[in-house]
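Just so you know, all these numbers are worked out from the coordinates, no wet-lab data involved. Not measured: the values here are computed from a predicted model. Here the Cβ positions follow ideal geometry from the backbone for every residue, glycine too, while neighbour counts run over all protein chains shown.
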Amino acid sequence: MAERRRVKQVRSLEERLADQAAKLKEQAANLPAGAEREKLLRKARLAETGAHLSDWITSPGLRPPKLT
């Protein structure tokens, strides 16, 4: 069996998703209105949503109560 390639991420998931969203928005800004532009903007919104969800899930306010 081949060994699995492992990559240690230096930046957080939220940072990577935010960067991806910014790049997609920049690409979309250079396109004329149309289906391709809307596709890029939709991908950017999904990346932003993913970053916000990840922040929300890992927030300290969502910890389960301690069982004593």
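When the Cα positions of H52, L41, L31 are compared along the charge dipole of the chain, H52 comes out farthest toward the positive end, with charges on each C-beta of Lys, Arg, Asp and Glu. Each of [x] 13.9, 43; [y] 17.4, 60; [z] 11.5, 33 is a candidate for Rg and Dmax of the Cα atoms in Å; the one calculated from this structure is [y].
Relative to the longest principal axis of the C-alpha atoms of the chain, give the angle of the C-alpha long axis of helix 35-57, reported between 0 and 90° and rounded to the nearest 10°. The answer is roughly 10 degrees.
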